[in-house]
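Chemist: I have a structure here, written as structure tokens, and I will follow up with some questions on it.
The values are calculated or read from the model by the stated rules, or taken from the named source; none is laboratory data. It should be emphasised that the depicted structure is a prediction, and the values quoted were computed from it without experimental measurement. Glycine gets a Cβ as well: all are built from the backbone with ideal geometry, and neighbour counts include every protein chain shown.
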Amino acid sequence: MREVEHAARLLLEGGYEIDVVFTSRLKRAIRSVWIILQELEEVYLPVFKSWRLNERMYGALTGLSKKETAEQLGSSIVQEWRGSLQSRPPALTPTHPFWPGKDRKYADLSSDQIPMTESLMDCMERTAPVWEDKIMYELRKGRNVMVVAHANTLRGLVKTIDGVSDEDIREVAIPTGIPIIYKFDENMKSIPPEGDRQTKSQIHMKGLFLEQPGLLKEALAREEEWSKQVPGYNPTMAKETSMTSLERSLFKLQAEREMNEWAGQFIDPDAPHEDDGNDGNEGKPMQWQDSIWAKGMNSVKSGEPFDPDTVDFHENKDMKHVDDLEDVPSENEVVANMVRNQPCITSFPSAYMIPGMGSVPVRRDAVIVIIRHGKTEHNKLGLFTGWEDAPLAREGVDEAREAGRLLKAHGFEFDVVYTSWLSRAIETAWHVIDEMDALWLPIVKT
């Protein structure tokens, strides 16, 4: 949470303005988007949730302890599954509890689109269509695009954007919580940073890192000690009044930078750091990734940039404020989906036992549920609010979450959410669908 807040502040400091957001259908990415947009005070932005940006499918390894699996099967074979571009772990079966085909969030996918297992290359190639058909379309329209996703799907985008070879992509690391900025020319070729900014590039990439990786992570580990020694640190980080949101964010960024500088003296470059291996670096320690970072300083690889395939775009695809654009079906597709054998025949139930009522079935009626947003501080003070964008008060958050619990208890399942462009309504929608375990739902903001 602190890492993505910090990422938003780096974007604020750099003057970057976002027009549209792409993310996966996984909670950790969607919640990261929420935190960033709240910090930027731009929760009204359209957010498209695509399964193509989901993290790698680890097959039958899903949910298993990495350490215990390596002890039982041998570290060499586990490292091969984790680090090799082509090796796939053992596949799931449709009876496996983690098989995604049981989850309603993937009901729009055909059975062959839901992976049973994936290699790193499978995962990276899965991202190509969302780049070619969606992200490039927005960029050609002149919009600034933010992508919040996972280590391997982001490496897939980098591989496509910069034309990185299969061998060189092994040396590309995507750190957590650090924005990477790409700029493009009129032919959609990535433009490398110039001058001093080259020092914030990584080898094989033309993207600009807004901060060197590792600083915040080390600093957060020492924050408690720092807060005791530096007068005014805690009040700055906790301050919620007498500042605009922009001032508060930049003050926090300044305080974090001072903390980073202080914590830097304790970093031992030779000390190993744990690495979960999810970024495809074969489980190598973080010091190896740091060496890759250092190697990339002032040495961005030259060569002919990758020129993505041109895609024919149509104006009727320009639906700016509808989440998950790729999943808006035509009338023919709707009919086809009615007769197609969908993988979600037995979805995870949303209903559960209610005291005094017993088991509540999932409601299948075509209904519309209307919810007024939760309470704001303006409501509590009796102020006229209108288009003034007041966020939810603590009581409003509690009200929204209780609404979500009630809807889930009574068996409701939704397919789409409509809300306004005002924070109090959007945040209410977030909390309701969070309680219903339906963060993946498309949200239309108007």
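Chemist: Scan segment 119-137 and give yes if some residue there is closer than 11 Å to ARG52 by Cβ and in contact with a strand residue (DSSP E or B) (Cβ under 6 Å, 6 or more places away or on another chain), otherwise no.
Modeler: Yes - at least one qualifying residue is present in segment 119-137.
Chemist: Here are the criteria: (1) among the polar types (S, T, N, Q); (2) in a loop (DSSP other than H, G, I, E, B); (3) at pLDDT 70 or above. Tell me which single one ASN341 does not satisfy.
Modeler: Only one criterion is unmet by ASN341, namely (3).
Chemist: Out of THR95, THR127, I need the residue that is touching a Ser or Thr at 6+ places or on another chain (Cβ under 6 Å) and either in the same structural domain as LEU154 (by TED's automatic domain parsing) or crowded, with 16+ Cβ neighbours inside 10 Å (or both). Which one?
Modeler: Values: THR95 fails: touching a Ser or Thr at 6+ places or on another chain (Cβ under 6 Å).
Answer to the selection: THR127.
Chemist: Further question on the same structure: Going by the conditions given, is ALA403 in a helix (DSSP H, G or I), aliphatic (A, V, I, L, M) and at pLDDT 90 or above? Let's see the steps before the verdict.
Modeler: Details: in a helix (DSSP H, G or I): yes; aliphatic (A, V, I, L, M): yes; at pLDDT 90 or above: yes.
Answer is yes for this residue.
Chemist: Taking the residues in segment 20-44 that are of a type in the set (S, T, N, Q) and under 8 Å from the mean Cα position of the chain (by Cα) as candidates, determine which candidate is surrounded by the fewest Cβ atoms within 10 Å (Cβ to Cβ). It would help to see each step written out before you state the result.
Modeler: Our first condition is that a residue be of a type in the set (S, T, N, Q); within segment 20-44, this holds for 23-24, 32, 38.
Adding the requirement that they be under 8 Å from the mean Cα position of the chain (by Cα) leaves 23-24, 32.
Working: THR23: 27, SER24: 25, SER32: 23.
So, considering only residues that are of a type in the set (S, T, N, Q) and under 8 Å from the mean Cα position of the chain (by Cα), the one surrounded by the fewest Cβ atoms within 10 Å (Cβ to Cβ) is SER32.
Chemist: If you go through segment 57-96 one residue at a time, how many are β-branched (Val, Ile, Thr) and closer than 12 Å to GLU118 by Cα?
Modeler: Residues of segment 57-96 β-branched (Val, Ile, Thr): 62, 69, 77-78, 93, 95.
Next cut, closer than 12 Å to GLU118 by Cα only: 62.
Number of matching residues: 1.
Chemist: Going through PRO115, PRO97 one at a time, which residue ends up being within 26 Å of VAL145 (Cβ to Cβ) and either over 21 Å from the mean Cα position of the chain (by Cα) or at pLDDT 90 or above (or both)? Break it down into steps so the answer makes sense when it comes.
Modeler: Values: PRO97 fails: within 26 Å of VAL145 (Cβ to Cβ).
Just a single option satisfies the conditions, and that option is PRO115.
Chemist: To continue, here is another question. Checking the structure you have, find out if any residue of segment 1-12 is in contact with a Phe, Trp or Tyr (Cβ under 8 Å, 6 or more places away or on another chain), surrounded by 20 or more Cβ atoms within 10 Å (Cβ to Cβ) and not in a loop (DSSP other than H, G, I, E, B). It would help to see each step written out before you state the result.
Modeler: Quick first cut of segment 1-12, residues in contact with a Phe, Trp or Tyr (Cβ under 8 Å, 6 or more places away or on another chain) only: none.
Scanning segment 1-12, I find no residue that is in contact with a Phe, Trp or Tyr (Cβ under 8 Å, 6 or more places away or on another chain), surrounded by 20 or more Cβ atoms within 10 Å (Cβ to Cβ) and not in a loop (DSSP other than H, G, I, E, B), so the answer is no.
Chemist: Moving on to the next point. Applying the selection to segment 140-161, what residues are farther than 17 Å from CYS123 by Cα and crowded, with 18+ Cβ neighbours inside 10 Å? Step through it out loud before you land on a result.
Modeler: Filtering segment 140-161 down to residues farther than 17 Å from CYS123 by Cα leaves 140-146.
Result: VAL145, MET146.
Chemist: Right, next: Taking THR117, is it within 20 Å of TRP440 (Cβ to Cβ), polar (S, T, N, Q) and surrounded by 18 or more Cβ atoms within 10 Å (Cβ to Cβ)? Let's see the steps before the verdict.
Modeler: Working: within 20 Å of TRP440 (Cβ to Cβ): no; polar (S, T, N, Q): yes; surrounded by 18 or more Cβ atoms within 10 Å (Cβ to Cβ): yes.
It is false that THR117 is within 20 Å of TRP440 (Cβ to Cβ), polar (S, T, N, Q) and surrounded by 18 or more Cβ atoms within 10 Å (Cβ to Cβ).
Chemist: For ALA29, which of the numbered conditions (1) among the small types (Gly, Ala, Ser); (2) more than 16 Å from LEU441 (Cβ to Cβ); (3) assigned to a helix (DSSP H, G or I) fails to hold?
Modeler: That leaves (2) as the condition not met.
Chemist: Also, I was wondering about something else. Would you be able to tell me the number of residues in segment 379-400 that are over 20 Å from VAL43 (Cβ atoms) and either at pLDDT 90 or above or surrounded by 13 or more Cβ atoms within 10 Å (Cβ to Cβ) (or both)? Please lay out each step first, then the result.
Modeler: Initially, segment 379-400 is screened for residues over 20 Å from VAL43 (Cβ atoms), giving 380-384.
Narrowing the set further to residues that are either at pLDDT 90 or above or surrounded by 13 or more Cβ atoms within 10 Å (Cβ to Cβ) (or both) leaves 384.
Residues meeting the conditions: 1.
Chemist: For the subset of segment 420-445 comprising residues that are surrounded by 20 or more Cβ atoms within 10 Å (Cβ to Cβ) and hydroxyl-bearing (Ser, Thr, Tyr), which member is nearest to GLU42 (Cα to Cα)?
Modeler: Applying the filter and picking the extreme gives SER423.
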